[in-house]
Amino acid sequence: MTSKLCTEGKFRNELYKCKPCETKYEIKQGHEFTENCGWSDEQQQIDDPYRACRDGTFNDGSQAKCRDCRSCTPPQVIAYACKNSSDTICCNQGEQFFNGKCIPQPSQTTRITTASTTSSVASSSHSPSTQKFPDPSQSTQKFPDPSQSPQNFPGPSPSSSNEVAHSHFIRIYVCLGILSTLALVCLFFFIRRRTKPFKKEFKKCCNGASHESLSKNGIARYEQAISYNIISDGNNDQMTELSHLLAPEVQNASLKTVLNNLDVLEELVLVLDPDISGAKNTRHLASQCSFSFAWINYAYSMKDHKSPLVAVLEGVVTKSPHWTVGHLAELLTAIGRNDAVEILAKLPAGVEE
């Protein structure tokens, strides 16, 4: 095993807790997770997180581990063999698997009989109307030659009907191609129109930082040049509202208390880090603390290795060690995240860290 502290199927995250592999990686069809998803106790990825299902097992994407393939018991037979991404499908004898169901196989004898009957009826119905018999009164008229093949007699030609049907299909395909092209052109112009305002705002926000190198050394130099102009004063209304949610001892506690309490910190990470439509998150909190647009994007790009919220709190504590839990609660209230303030209320009162 790659981890001595976590059981199989779990890994140790940045908060030093064992979490299931599926909380970090998606379940993949035809595969299962390796031991501890390939992560060591020192949070080093030393192996691939996935491995293919072995022969005789499968994973259709509904579970984290591969399962043994099903075996068909008589009188059932295998209608669809087991693969690494799907289980065996069994049907009764005389049935075939079609469209998700076992249905009876059509009888070959019945099909041939029907075809021959249809052919004979068609030939008998066409004979009186198409075949012309000679007039006995006219000595110059010739009788039909019995050696002639049936297709030489007048009647509807199968090849001509096939050509008509083929031409109809061609017209339908051409129309569908034209409609698809028009739809793609309209979608292209729509997306281009929607992205123009974003590009303008992006250039405005990232002015002066877009040409900065994204290498590790460049990012380190850029972080050193960031100005942490953190707001230090809140209004009286926010303080009145916070007095009902947080005890005075908690409000006056150092902001480092949040980083040291792993249970409260983990809850804050779970509710603030995800990008949820209509809800403000760590991005907005970092903006309130005067972190730059480029720094926030970099913090989220490293989300798999470190929580953006933890990075923000560590940066604030480093630059403004006088900050308290009350300052953080004021910012959370300003962005409408009172649910996060309620989590801060779980900090033990009277503990200064």
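The values are calculated or read from the model by the stated rules, or taken from the named source; none is laboratory data. Keep in mind that what you see is a predicted model, and the values were worked out from it rather than measured. Remember, those area values only see protein heavy atoms, side chains included, never the ligands or the DNA or RNA. Shrake-Rupley method; radii C 1.70, N 1.55, O 1.52, S 1.80 Å.
Listed values, structure above:
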read-out: Mean accessible surface per residue for region 274-347, computed with a 1.4 Å probe while every protein chain stays in place, in Å²; value: 43 Å²
read-out: Estimated vicinal HN-Hα couplings, Hz - region 287-297 in sequence order (Karplus 6.51, -1.76, 1.60; Gly, Pro = x); value: 5, 4, 8, 6, 6, 6, 4, 5, 5, 4, 5
read-out: Share of alpha-carbon pairs per 5 Å distance bin for region 263-325, given as whole %; value: 3, 17, 29, 29, 17, 5, 1
read-out: Accessible area in square angstrom per residue, region 1-111, 1.4 angstrom probe; value: 66 Å²
